[in-house]
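Q: Once you've had a glance at the structure underneath, I'll fire off some questions.
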Amino acid sequence: MKYKRGQMKKTKIFYDGLCKVCSTEINQYKKMAGAENLNFVDITEPEFNPLDENLDPYKINIELHAIDTNGTLHAGVDTFILIWNEIHSLQWLARLAQKKPVKMTLNLFYFVFIKIRPYLPRKSCETSPYCAVDIKKINS
């Protein structure tokens, strides 16, 4: 899909840049062929406002979200599938992840991850509006 001025419309991936695990994974994706078709948005940047994207400020902090080129909102494992579909070397993983038993397993593992994520190391910050947010309370 294209914008009127010829710019490619990209899927937006919303991730927690203060989460060391999350940002490490996203940084790996950014280096891979196909990542140029994705717009990675760090939700902890001071200029990011979830309401500008019609996103729930609490839900966006709990799990990975994306808005695809059609404007459809995705969360969790479905967001990973969107990423993997764009990353050339991971398209096989996207196809595999869409199979029902595999997707159910991935959803289970992701559910466990989002429950333990508040206890994982976070980067220090000063400028993000989420520095003061207690992610443990959000996940409750």
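None of the figures in this text is laboratory data; all of them are computed from the coordinates on show. Being a predicted model, the structure only gives us computed values, none of them experimental. Reconstructed Cβ throughout: ideal geometry from the backbone, glycine too, with neighbour counts over all protein chains shown.
Q: Rounded, prolate or oblate: which fits the range 15-74 when a ≥ b ≥ c are the square roots of the eigenvalues of the alpha-carbon gyration tensor, with rounded for a/c under 1.5 and prolate only if a/b beats b/c?
A: oblate
Q: While we're looking at this one, here's another question. Any of Lys10/Lys30; Lys10/Lys31; Lys10/Lys59 with alpha carbons more than 20 Å apart? Name them for me.
A: Checking Cα-Cα distances, Lys10/Lys59 exceed 20 Å.
Q: Please list, by residue number, every one of the chymotrypsin sites (Phe, Trp or Tyr not before Pro) in the range 13-91 that is coil in DSSP and has at most 14 other beta-carbon atoms within 10 Å.
A: Qualifying residues, ordered by number: Tyr58.
Q: Here is a follow-up. Rounded, prolate or oblate, given the Cα gyration tensor of the range 36-109, with a/c below 1.5 counting as rounded?
A: Judged from the Cα gyration tensor, the range 36-109 comes out prolate (a/c at least 1.5, a/b above b/c).
Q: Hand me the GluC sites (Glu not before Pro) from the range 10-60 located in a DSSP loop with no more than 16 other Cβ atoms within 10 Å, in residue order please.
A: Glu47
Q: At His88 and Asn37, where each label point lies 7 Å from the Cα along Cα→Cβ, what is the point-to-point distance in nanometres?
A: My value for the distance between the label points is 1.1 nm.
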